[in-house]
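Inspection log for the structure reproduced underneath, given as structure tokens.
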Amino acid sequence: MPGIALSPGVHSRLVKQLTELKEGKNQLIDEFYPLPSRDREEFCRLLDKYLQRVESLVTSTAPQKNCQDNSVPFVTLDCAVEVKNLDNGQTFNWQVVMPLQTKVGKGCVSCLSPVGKSLLLSQTGDTITVSAPRGTAHYQVLSAVMI
């Protein structure tokens, strides 16, 4: 991906994440969606798309030793995302995580939730629409930083 600089730390975390997700993909899918369903198919597509994008990023971008910025070009798992609710102007800081991670807490959103699915792979400046049981919300992605 031309013009993208990744710090060595971000690059190595993404490579590790990619390896772990590839190895545990089928188990992960079966754990959350044991039976055939539309949700299972959607999650499989999202996971495949995520793996392809991250693999493309890490194989086409060498870590830059002088880069201290932990920004990522799109929202990944385990990155801090700042968003602005375009409906009411509020700003939120979230971290997109796997649902069973031990560090899930305040400010964490599961990649299986409506917000997490909408955020994953979005880029700074993108506007996303989240359809959830409470209604529809519109957010603009302000930043994505690996933490």
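Things worth noting here:
- Residues that are within 15 Å of Leu100 (Cβ to Cβ) and in a loop (DSSP other than H, G, I, E, B) within the range 29-53 comprise Tyr33, Pro34, listed in sequence order.
- Any chance Ser122 is free of Cβ contacts under 8 Å to residues at least 40 places away in the same chain and under 17 Å from Arg45 (Cβ atoms): no
- Residue that is surrounded by the fewest Cβ atoms within 10 Å (Cβ to Cβ), among those in the range 132-147 that are closer than 28 Å to Glu31 by Cβ and modelled with pLDDT of 90 or more: Met146
- Top-ranked residue in the range 5-21 [being touching a Pro at 6+ places or on another chain (Cβ under 7 Å) and outside any helix (DSSP H, G or I); ranked as farthest from Asn66 (Cα to Cα)]: Leu6
- Meets criteria (of a type outside the set (D, E, K, R), outside any strand (DSSP E or B) and in contact with a Pro (Cβ under 7 Å, 6 or more places away or on another chain)) for Gln123: yes
- Test: residue in the range 78-101 that is at pLDDT below 90 and in a strand (DSSP E or B): no
- Hits in the range 107-130 (condition: modelled with pLDDT of 90 or more and among the small types (Gly, Ala, Ser)): Gly116, Ser118, Ser122, Gly125
- Checking each residue in the range 19-38 for being among the acidic types (Asp, Glu) and surrounded by 12 or more Cβ atoms within 10 Å (Cβ to Cβ) picks out only Glu20.
The values are calculated or read from the model by the stated rules, or taken from the named source; none is laboratory data. This structure is a prediction, so every number in the text was calculated from the model and none was measured. Cβ atoms come from the backbone with ideal geometry, glycine included; neighbour counts cover every protein chain shown.
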